[in-house]
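Accompanying notes for the structure given below.
The values are calculated or read from the model by the stated rules, or taken from the named source; none is laboratory data. None of these values were measured; they are calculated from a predicted model. Neighbour counts are summed over all protein chains in view; Cβ atoms, including those assigned to glycine, are modelled from backbone coordinates with ideal geometry. When the accessible area is computed, the model is the full protein with side chains, heavy atoms only, and any ligands, DNA or RNA have been set aside. Shrake-Rupley method; radii C 1.70, N 1.55, O 1.52, S 1.80 Å.
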Amino acid sequence: MADNSNIKCSFHNQDYKLYCKDCKDCICLECLDTDLHHMHSFCKLKDARNDILKELQTFIADNGEHINSETADHFSEALKRKLEELKSAELLIKTQVIAGADEMIRHIKASKDELLTSLEKRFHEYNEHIKTVQDSLKTICSHVDTVDPNTVKDDQAVNLLVEMRKCISTCKTMLSKDEKPTFVQNQNCKVGYFTNIPKDNNDAETIFKSGKGNDINNQVNNKPHKCGECRSTNRF
C-alpha cells in the first residue's frame, strides 16, 4: 500500500507515514512525539496493508447498518439542524454576556458611589479635626498673650501649661502622620468566562475523533464586582 499524501493527519496536518499496531490507526511523524503512542509498535503504511484492510473490514462489519441507512442527505440535514442549534445558542450566550456586563456596570457604579461617599466623609472628618485643633491652638495662644506672669494664679498657670503642651503635641502628631487613605484598584474586572471551549477551535475533526464533541455549555460569572477599596492604617 503506497503512502497517500492527499490525506492529512487531523492532529498535525501532516502526511500519514506510519501505522500504529497498538492503536490500529495511521499516524504522522509528529504523532511519535506525543504520549498517545509511547512504547507502541509501528510500521510503514506500505507494510501495513493487511492490517489496514482488516481494520476496514471490521469497521464495515460493525457499522454496516449505519452506513447503509444513514445517507449523506440524512447527515446533511442533521448537520443543518446542528448549525441552527449553535446559532440559537450563540444568540442566547450573547444575551447572557450583555446581561452580565450590564449587571457588572451597575455593581461598579454602586461601588464607585460608595467609595466616593466614604472618601468624602473621611476627609470631612479629618478637616473638621484639623479645624478643631487650630481653634484650640488660637485660643491657647490668645490666653498666653493675656497672661501676666506676676499676677497669674498657680492653678491657672498649670492648666494653661498642660493645655498648651497637649495642643502642641497633637499638632506635631498630626503633622508627622500620613492620614490619607490609599486607593487599591481591583484588577479582577471580568464579566465571566466560557467553559467547554476547545483550545484549537479550527480542528473540529479532532473533537469528533476523540469523542469529545459535546454541546457547548457556556456559563457567565455574574458575581458582584467592586472597583477597589480604600485602605488606611491610621484613624483620625
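Distance between the modelled labels on His40 and Gln14, one decimal in nanometres: 1.4 nm (7 Å Cα→Cβ projection). Surface analysis of the range 40-167 yields an accessible area of 80 Å² per residue, using protein heavy atoms and a 1.4 Å probe.
Between His124 and Ala110, the contour length at 0.36 nm per residue exceeds the alpha carbon distance by 2.9 nm. With a Förster radius of 45 Å applied to the C-beta separation of Asp73 and Gln187, the computed FRET efficiency comes to 0.25. With the simple spin-label model, which puts each label point 7 Å out from Cα in the Cβ direction, the Phe59 to Val144 separation comes to 10.0 nm. Compare the Cα positions of Val158, Met174, Ile140 along the charge dipole of the range 76-207 (+1 at Cβ of Lys, Arg; -1 at Cβ of Asp, Glu; about the Cα centre) and return the one farthest towards the positive end. Farthest towards the positive pole: Met174. For the range 115-179, the set of trypsin sites (Lys or Arg not before Pro) satisfying both a DSSP loop assignment and a count of at most 13 other C-beta atoms within 10 Å is given as Lys153, Lys177.
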